[in-house]
1. Just checking the chain: which Cys have no other cysteine's beta-carbon under 4.7 Å?
2. Within the stretch 56-150, list the trypsin sites (Lys or Arg not before Pro) lying in a DSSP loop whose Cβ has at most 15 other Cβ atoms in a 10 Å radius.
3. What number, in percent, do you get for the relative contact order of the stretch 4-180 if the mean sequence gap of Cα pairs under 8 Å and at least 6 apart is divided by its residue count?
4. Write down the percent of antiparallel bridges among all DSSP beta bridges whose residues are both part of the chain, to the nearest 5.
5. Could you tell me the largest-minus-smallest coordinate of the C-alpha atoms of the chain on each of the three principal axes, in descending order and whole angstroms?
6. Taking the Cα centre of each part, how many Å lie between the stretch 137-153 and the stretch 1-38?
7. As an exercise, use a Förster radius of 30 Å and the Cβ-Cβ distance of residue 154 and residue 184 to find the FRET efficiency, rounded to the nearest 0.05.
8. Suppose only helical runs count, i.e. DSSP H with n ≥ 4. What mean residue ellipticity at 222 nm does that imply for the chain under -39500 (n - 2.57) per run, divided by all residues and rounded to the nearest 500 deg cm²/dmol?
Amino acid sequence: MADTPSNMLPLGTKAPDFSLFDTVSETTLHLSKLKGEIGTLIMFICNHCPFVIHINNEIISIANEYVDKGINFIAISSNDVVKYPMDSPEKMKIHAKNEHYPFPYLYDETQEVAKAYDAACTPDFYVFDKKLKLTYRGQLDDSRPGNNQQITGKDIRHALDCLVENKVNLELQKPSIGCSIKWKS
């Protein structure tokens with residue numbers, strides 16, 4: 001398990017556009033149709049990463065809590081499925097259903113979306129406002145597998161609360177840490 005940090009895309013960056021295959025609905029979904037009225041949280045995750053598995057329940061809890069506040073959630077997996085078949089679209093669909101994901105789980109087969117977002121690890125989180133301008137990028141909270149820190153989602157919750165309350169997020173934004181995205185050769 002390698003500890004790879006986020007690349008920390010500059011705040012204010014416009015969300016790169018995309019249309020990707022949703023493994024749950026088995027349809028292609030476009031960012032413009034998925035974005036939230038108040039904001040959008042885009043996360044790069046995968047099925048097998050211990051860092052994602054560690055916080056998966058909190059991600060689901062936060063999504064369920066904030067969707068009614070105008071925040072939409074989008075999960076994307078960009079891993080090379082030839083080398084990591086656990087992250088195949090078929091397994092993504094099963095995983096999303098078993099975990100009761102309240103958000104689409106999109107497959108970035110070409111890895112172009114991950115590259116456009118400068119995503120580096122799983123999990124990697126990006127919070128955009130209603131105009132799809134980046135207001136937060138970084139960690140869920142300080143918890144990591146094995147560090148005995150309680151999972152609270154405090155950093156993401158604060159970023160989302162700032163959007164909902166129309167406030168500027170002045171908190172220090174720490175990079176996420178996780179497994180590297182499994183790039184194709």
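1. Lacking a cysteine Cβ partner under 4.7 Å: 46, 121, 162.
2. Those that pass, being in a loop and sparsely packed, are 83, 130, 131.
3. 33 percent
4. Of all bridge pairs located within the chain, approximately 70 percent are antiparallel.
5. 43, 38, 30
6. When both Cα centres are located, 21 Å separates them.
7. The formula returns an efficiency of 0.30 here.
8. Working: 5 runs with 48 residues, N = 185.
Calculated mean residue ellipticity at 222 nm is -7500 deg cm²/dmol.
Laboratory data are not the source of any read-out in this text; all were calculated from the coordinates shown. None of these values were measured; they are calculated from a predicted model. Every residue, glycine among them, receives a Cβ derived from its backbone with ideal geometry; neighbour counts consider all protein chains shown.
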